[in-house]
Every structure is written in C-alpha cells, then in structure tokens.
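> Would you mind keeping the following structure in view while I ask a few things?
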Amino acid sequence: GYEGLHELAADPQDGPHVVAIDYGMKWNIPRHLRQLGCRVTVVPGTATAEEVLSHEPDGVFLSNGPGDPRPLDYAIETIRGLLGQKPIFGICLGHQLLGLALGGDIYKLKFGHRGANQPVLNRDTGRVEITTQNHGFAIEAESLGEEIEVTHVNLNDQTVEGIRSRSLGAIGVQYHPEASAGPHDSHYLFGDFRKMLLG
C-alpha cells in the first residue's frame, strides 16, 4: 500500500531525502516537505532503525498519530537507534515518542489541548504563536536531561510544547505546524528542519 500512496505528489529530484515514519500521518505533511524541495519516502510506524537507514535518508520525520505514546516500545526503540545518526523532526505523537526516546516521561493532561487557538511561547524568539492542537498527553519537563532544551511552552498551562537536542540534531513540537486553517505562524519549523538536513 505505501508504495502507491507516496507517489501522490511528485518528488523533487535532487533535494534532501526525508524518510517519514507514519504513525497515522495526515497527507499534507509529505506535501509540506516536498514544497521545501525534499524527496519523501514514507515508511510504516513499525519500521526499524535499520529499515529507515536503509533508505539512506538525509533526515527523519516522525509523524503525528492517535493516542498514548507510552505503549509504542517498537517506535521508541527505532527512534533511539536513529538519534545522532540523522537529523530528526517530530510533531505531536512523533514529538512525544522523541521525548521518550531521549529518556523523558509522558503524562496525561488533566485537560487535553484541543482546537486552533492554543498560545505557545517560542523561547528562542520570544514570540507567541497561535497553534492548532489535538492531544491529551505531554512530556514531563522535569524528566528531561540537561542537554534537552524546552523550546516551546503552552501559555495556558505551562506544559512542554517543543524540545531540542542540539548534540543529537533532534527537534520536536507538540502541535501541528502544518495545520493550514490558522495563521502560518509555525511553518518556519519545516524550514528549520530543512536547514538541519543541509547541515
């Protein structure tokens, strides 16, 4: 099934190659990566690190998907095997799985984040971004090691919305930078990922 699906949008021929791990992906995400000039190969969420690396990617994208990331040991194991090998960008569930792979903990939010008006502080720029979210779990800030930076914080409840490991070349955000309904506030994240791909 996957082979036919990812032919839907034409790939640029010579851009950086991204392997997108599909945990329940929305199809506009590969489109965003292609608009940045990336070639995209989609693999199932059960793919191993070896299988991902066999595609010789310049970077790896961890998709969104439903539910609690904690039981997904196979996915966490794969991400651990990729950390430090290739730049990684995770969103939503992919961000939570990245947090777990980096040694962090996940907890269930008392009130899940649902909808299109979640204010998030970008600690790098000091700007507040209005984001679209749909999640009931979050990364426990205190559980992250010293070298993991919290880059984005939800202003409603101070929960973690973004993380980065500079040494391992990994970034994650807890929201949908591709959600086209709202402001294009967070599209720059795809651009940041592209810069990482080009080293």
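The values are calculated or read from the model by the stated rules, or taken from the named source; none is laboratory data. Since the model is a prediction, treat every value here as computed from it, not as a measurement. Here the Cβ is made from the backbone with ideal geometry for all residues, glycine too, and neighbour counts use every protein chain on show.
> Take residues that are out of contact with any helix residue (DSSP H, G or I) (no Cβ under 9 Å at 6 or more places or on another chain), at pLDDT below 95 and buried (at least 16 other Cβ atoms within 10 Å of the Cβ) and tell me which of the strands (runs of 3 or more DSSP E) falling wholly in region 83-183 contain 3 or more.
106-122, 128-139
> Which one of these does Pro44 not meet: (1) farther than 20 Å from Val18 by Cα; (2) exposed (fewer than 13 other Cβ atoms within 10 Å of the Cβ)?
Only one criterion is unmet by Pro44, namely (1).
> Related question: List pairs: first residue in region 108-134 and farther than 12 Å from Tyr175 by Cα, second residue basic (Lys, Arg) and loosely packed, with under 15 Cβ neighbours inside 10 Å anywhere in the structure, Cβ distance under 8 angstrom, at least six positions apart or on different chains.
Leu121/Arg127
> Tell me, which residue of region 87-122 that is out of contact with any Pro (no Cβ under 7 Å at 6 or more places or on another chain) and β-branched (Val, Ile, Thr) is farthest from Ala75 (Cα to Cα)?
Of everything passing the filter in region 87-122, Val120 is farthest from Ala75 (Cα to Cα).
> Could you list, in sequence order, all residues of region 47-82 that are surrounded by fewer than 21 Cβ atoms within 10 Å (Cβ to Cβ), in contact with a helix residue (DSSP H, G or I) (Cβ under 8 Å, 6 or more places away or on another chain) and part of a helix (DSSP H, G or I)?
Ala49, Glu50, Leu53, Ile76, Glu77, Arg80, Gly81
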